[in-house]
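The values are calculated or read from the model by the stated rules, or taken from the named source; none is laboratory data. On a predicted model such as this, the values are computed, not experimentally measured, just so you know. Note that each Cβ is placed from the backbone with ideal geometry, even for glycine, and that neighbours are counted across all protein chains shown.
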Amino acid sequence: VVEGLALLDLGVSPYSGAIFHETPLIIYLFHFLIEYAELVFMITDVLTAVALYLAIQDFNKVVFKKQKLLIELDKYAPDVAELIRTPMEMHYIPLKVALFYLLNPYTVMSCVAKSTCAINNTVIAFFILATIKGSAFLSAVFLALATYQSLYPLTLFAPALLYLLQRQFIPIKLKSKSFWLYTMQYAALYLCSLVVIICLSFFLLNSWDFIPSVYGFILSVPDLTPNIGLFWYFFAEMFEHFSLFFVCVFQINVFFYTIPLAIKLKEHPVFFMFVQIAIISIFKSYPTVGDVALYMAFLPVWSHLYRFLRNIFILSCVLIVCSLLFPVLWHLWIYAGSANSNFYYAITLTFNIGQILLVSDYFYAFLRREYYLTHGLHLTKQDGTEAMLVLK
Amino acid sequence: SNLWYLFLHSVDKAWKELSNILSGIFCASLNFIDSTNTVTPTASFKPLGLANGTDHHLLRYAVLPREVVCTENLTPWKKLLPCGSKAGLAVLLKAERLFHSSYHSQAVHIRPVCRDASCLAVSWELRQTLTVVFDTFSSGQGKKDWSLFKMFSRTLTDACPLASQSKVYVDISPKNKEKELLEVTPPPVSVHEAIVQGDKRTYAVYDLLSPSLFNTSRSLNVQLKWKRPQDSSELPTPVLHAQRYVSGYGLQTGEISTLIYNTHPYRAFPVILLETVPWYLRFYVHTLTIITKGKENKPSYIHYQPAQDRRRPHLLEMLIQLPANSVTKITIQFERALLKWTEYTPDPNHGFYVSSSVLSALVPSVIAMKDTDVEQSPLFTSLFPSSDGSSYFVRLYTEPLLVNLPTPDFSMPYNVICLTCTVVAVCYGSFYNLLTRTFHVEEPSRGGLAKRLANIIRKFRGVPPL
């Protein structure tokens, strides 16, 4: 960002080079705030934590109400008393979420490095708060801002829509007129705010240069600077012939989990949002640890799933060890010259596998709990002996 | 090797054609010139000779720092001379002696000139220069004496019949006003004095076309002997000289520093610095600092064009005022990019070359040149041009730099593709399972052959059966 401001001062468009890839609104924001940069990033982190706190508080109320409704409707099996969540147990969850975000070493690192990822996180947190509070307009505006900054939050449109529909008690049936009406309204709000923001950026710098520099950059991955993701080494070692094909495959990979997840998780849109945010931060083209910090902040919300998680100990060890090895192997490759790029790449692979398995473990635990809620905890086979549950 | 040209129109296609044609003529790898090493400088290069008001967008400048000059470049260069290497001064240019030197440089300049005084027609002037630095001190057993035979292992026998002028100038300028310090044989017919680069110099002239030269001997071997051994032979430092180096450690960041020295005792003058840096060293222009005598020196003109990945190099042009008797340090920080594995040169750990930066300046001269001198020695003015008598034009090239970039492992393309796709497949697989399958209570099955065998083994072990 400092480089972009310096280029502006020299009278050159900041997007004429290949260094600056942030949006014009960020330049505009930092034009005034560049002297107080540390304070700005601390404030954004605090804002994110506060937004998450309020959002989860509201969400807990919604969960409890829904649970009460389902118990009264007798949807639950009789012997699931120990799975029912109580307000006492849920009392400290919002505080834990805020603390998980603020005290996460990844967040601290992001703040110290003054990475603009913190601003992304704040916008997404406000979007989540607006969605859970039920305000479609604010939710659309914040989603448009988040999409404008990095392209991937576009996939969060689906969980937000599902949550708002649920809140308005509109059933999700393809033939229902009110469903389509509400969807169109929300989509129109979202697209209009996106168009307004893009036009505003055009008028700030008087050129459309920022579109290839920001979005073209995210989509076509030209810069191969090593990061914690999977893309950089893959494209460094790619045969030229297949480069376009694999770029398309990797980009589609981020977006195409949305529809199946929407179908499976249409009753639980907030969990869907969590899984979607996790997938974005694992597979986006230039991931940073700030993105990882955002979805990890949600883990206390699903702490009741702990008894169904299968590999949590190994996965947390993998993630901790990889985070510790990242700087070591980076230093060995770049500064000491005694290690290869393969060492750092291996840690990237392991870290991403750890993240993927963590998310799918939580997904498995969530689905399993839902099954137990409706079918009872003590399952018996036909002859009365204890049964095992498999995924078939 | 570097190439610059001012076009009239339709630049980019013509530039490609020009670089390819010249590459063919001179057997130099100029065909590697493409948009990744071509820039359009705004102020550093002005066309020589006659020129109309020029648009700097039509000027192109390219440098190939990795190319070295060798015999196959010398041969076509010699072929451009009217007599080739068969007669005249060019008989001295034999490759095996020329390339045993400390420094070797060849240049070809073309400019339009007036055909006559009335300037009704324009013709093209081709000027070829060859600069060679021989180190006779180390090869001549510690003596600074030299001769044409010792340097070139040949002597001059006759002049080129196609030449209108064929002269040898030997610099016999006395240092510190002492005469008789050196002796030139055979004794020169005439002595010529000129002001070159602000200094008064004396030259001994040997005119190959004059019939008296070859009267005594069939061949001309100019020899220079020093009468007294030199005590402290230090050359006077030029008024403007520069150095460039890369600093920093590790393969992530670095800093390019350029030091420019102005040794003139009382005159300050501006200098235009042109830096062309390849795109894979990403400059951070907010780290550009120019410090003279401990204080910051703001340039009066900056033109910066940032690089675009794989398309265009960085271009930084600055007009800096150099105060008298000072050292100016210009530093800029950069970050090294990781390239695709096919973009590395065959020996990637050798490093990547950064081309030299170009300093252009009108250096004020200590002694003013008079107009009469200009008419008498047109060769000197074209070699050492100056617009007015009080300063002369100098174009300096700094050293090229060698920078290491982080390299991926080149033996790994298949492995990397397989491993990364495995990770993506793990995610896809787990999510596919969770999304398309539902939980069922497990039905007991009779078990296949493997299960029955396993049960038999378990019975032997005393473990409950599956």
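Taking region B:337-370 as the search range and keeping residues that are out of contact with any strand residue (DSSP E or B) (no Cβ under 6 Å at 6 or more places or on another chain), within 14 Å of chain A (Cβ to nearest Cβ) and not hydrophobic (A, V, I, L, M, F, W, C), which one is farthest from B:N37 (Cα to Cα)?
The extreme case among them is B:N349.
Right, B:E275: in contact with a Ser or Thr (Cβ under 8 Å, 6 or more places away or on another chain) and free of Cβ contacts under 8 Å to residues at least 24 places away in the same chain or not?
No; evaluated as a whole, the condition is false for this residue.
I'm checking my understanding of the structure. Among residues of region A:315-341 that are in contact (Cβ under 8 Å) with a residue 40 or more places away in the chain and closer than 20 Å to A:E237 by Cα, which one is nearest to the other protein chains (Cβ to nearest Cβ)?
It comes out as A:S341.
Could you say which residue among B:P306, B:P278 is in contact with a Gly (Cβ under 8 Å, 6 or more places away or on another chain) and surrounded by 17 or more Cβ atoms within 10 Å (Cβ to Cβ)?
B:P306 is the lone residue from the list that is in contact with a Gly (Cβ under 8 Å, 6 or more places away or on another chain) and surrounded by 17 or more Cβ atoms within 10 Å (Cβ to Cβ).
If we keep just the residues of region B:391-411 that are farther than 19 Å from B:S356 by Cβ and more than 14 Å from chain A (Cβ to nearest Cβ), which is surrounded by the most Cβ atoms within 10 Å (Cβ to Cβ)?
The qualifying residue surrounded by the most Cβ atoms within 10 Å (Cβ to Cβ) is B:Y392.
Here is a yes/no grid of residues against (1) touching a Phe, Trp or Tyr at 6+ places or on another chain (Cβ under 6 Å); (2) more than 11 Å from chain A (Cβ to nearest Cβ):
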residue: B:H286; (1), (2): no, no
residue: B:K295; (1), (2): no, yes
residue: B:K298; (1), (2): no, yes
residue: B:H303; (1), (2): no, no
residue: B:P306; (1), (2): no, no
residue: B:R310; (1), (2): no, no
residue: B:H314; (1), (2): yes, no
residue: B:Q321; (1), (2): no, yes
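Just give me the residues in region B:291-310 being aliphatic (A, V, I, L, M) and farther than 20 Å from A:G4 by Cα, in sequence order.
B:I291
List pairs: first in region A:106-133 and free of Cβ contacts under 8 Å to residues at least 24 places away in the same chain, second crowded, with 24+ Cβ neighbours inside 10 Å and among the polar types (S, T, N, Q), Cβ under 6 Å, 6+ apart or cross-chain?
Matching pairs, first to second residue: A:A130/A:S139.
Does at least one position in region A:290-306 carry a residue that is surrounded by fewer than 21 Cβ atoms within 10 Å (Cβ to Cβ), out of contact with any strand residue (DSSP E or B) (no Cβ under 7 Å at 6 or more places or on another chain) and in a loop (DSSP other than H, G, I, E, B)?
no
Restricting attention to region A:92-117, and to residues there that are of a type in the set (S, T, N, Q) and surrounded by fewer than 20 Cβ atoms within 10 Å (Cβ to Cβ), which single residue is nearest to A:M296 (Cα to Cα)?
The residue in question is A:N104.
This table checks each residue for (1) part of a helix (DSSP H, G or I); (2) within 30 Å of A:F64 (Cβ to Cβ); (3) at pLDDT below 85.
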site	(1), (2), (3)
A:A144	yes, no, no
A:L154	yes, no, no
A:F157	yes, yes, no
A:F169	no, yes, yes
A:K173	no, yes, yes
A:L181	yes, yes, no
A:Y190	yes, yes, no
A:L194	yes, no, no
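Would you check if B:R127 is over 16 Å from B:L156 (Cα atoms), in contact with a His (Cβ under 7 Å, 6 or more places away or on another chain) and charged (D, E, K, R)?
It is true that B:R127 is over 16 Å from B:L156 (Cα atoms), in contact with a His (Cβ under 7 Å, 6 or more places away or on another chain) and charged (D, E, K, R).
Can you pull out the residues in region A:342-356 that are surrounded by fewer than 22 Cβ atoms within 10 Å (Cβ to Cβ) and facing chain B (nearest Cβ under 7 Å)?
A:N342, A:L349, A:I353
Among the residues of region B:321-330, is any in contact with a His (Cβ under 8 Å, 6 or more places away or on another chain) and at pLDDT 85 or above?
Looking through region B:321-330, at least one residue is in contact with a His (Cβ under 8 Å, 6 or more places away or on another chain) and at pLDDT 85 or above.
Looking only at residues in region B:93-144 that are in a loop (DSSP other than H, G, I, E, B) and of a type in the set (K, R), which one is farthest from B:I25 (Cα to Cα)?
Filtering region B:93-144 for residues that are in a loop (DSSP other than H, G, I, E, B) and of a type in the set (K, R), the one farthest from B:I25 (Cα to Cα) comes out as B:K143.
Between B:L89, B:L64, which is within 20 Å of the chain's Cα centre (by Cα) and either touching a residue at least 12 places away in the same chain (Cβ under 8 Å) or within 19 Å of B:S19 (Cα to Cα) (or both)?
Matching residue, one of B:L89, B:L64: B:L64.
Filter region A:167-189 down to the residues that are more than 16 Å from A:P269 (Cβ to Cβ) and touching a residue at least 40 places away in the same chain (Cβ under 8 Å), then identify the one that is surrounded by the most Cβ atoms within 10 Å (Cβ to Cβ).
Selected residue: A:L189.
Suppose we keep only residues that are outside any helix (DSSP H, G or I) and more than 20 Å from the chain's Cα centre (by Cα) within region A:236-273. Which one would you say is nearest to the other protein chains (Cβ to nearest Cβ)?
Restricting to residues being outside any helix (DSSP H, G or I) and more than 20 Å from the chain's Cα centre (by Cα), the top hit is A:E237.
Of all residues in region B:56-81 being part of a helix (DSSP H, G or I) and of a type in the set (V, I, T), which is surrounded by the most Cβ atoms within 10 Å (Cβ to Cβ)?
Filtering first and then ranking leaves B:T75.
Quick one: which helices (runs of 4 or more DSSP H) lie wholly within region A:1-74 and hold at least 2 residues that are in contact with a helix residue (DSSP H, G or I) (Cβ under 7 Å, 6 or more places away or on another chain) and away from chain B (no Cβ under 14 Å)?
Once the helices (runs of 4 or more DSSP H) in region A:1-74 are filtered for at least 2 residues that are in contact with a helix residue (DSSP H, G or I) (Cβ under 7 Å, 6 or more places away or on another chain) and away from chain B (no Cβ under 14 Å), what remains is A:24-33, A:37-72.
Would you check if there is a residue in region A:136-143 being closer than 21 Å to A:I282 by Cα and buried (at least 16 other Cβ atoms within 10 Å of the Cβ)?
yes
Of all residues in region B:223-247, count the ones that are in a loop (DSSP other than H, G, I, E, B) and at pLDDT 90 or above.
0
Considering only region A:76-83, I want to know if a residue exists there that is more than 31 Å from the chain's Cα centre (by Cα) and on the phi > 0 side of the Ramachandran plot.
no
State all residues of region A:357-373 that are more than 10 Å from chain B (Cβ to nearest Cβ) and within 15 Å of A:E267 (Cα to Cα); if no residue qualifies, say none.
Residues satisfying the conditions are A:R369, A:L373.
How many of the residues in region B:283-313 are in contact (Cβ under 8 Å) with a residue 60 or more places away in the chain and under 22 Å from the mean Cα position of the chain (by Cα)?
Matching residues across region B:283-313 total 6.
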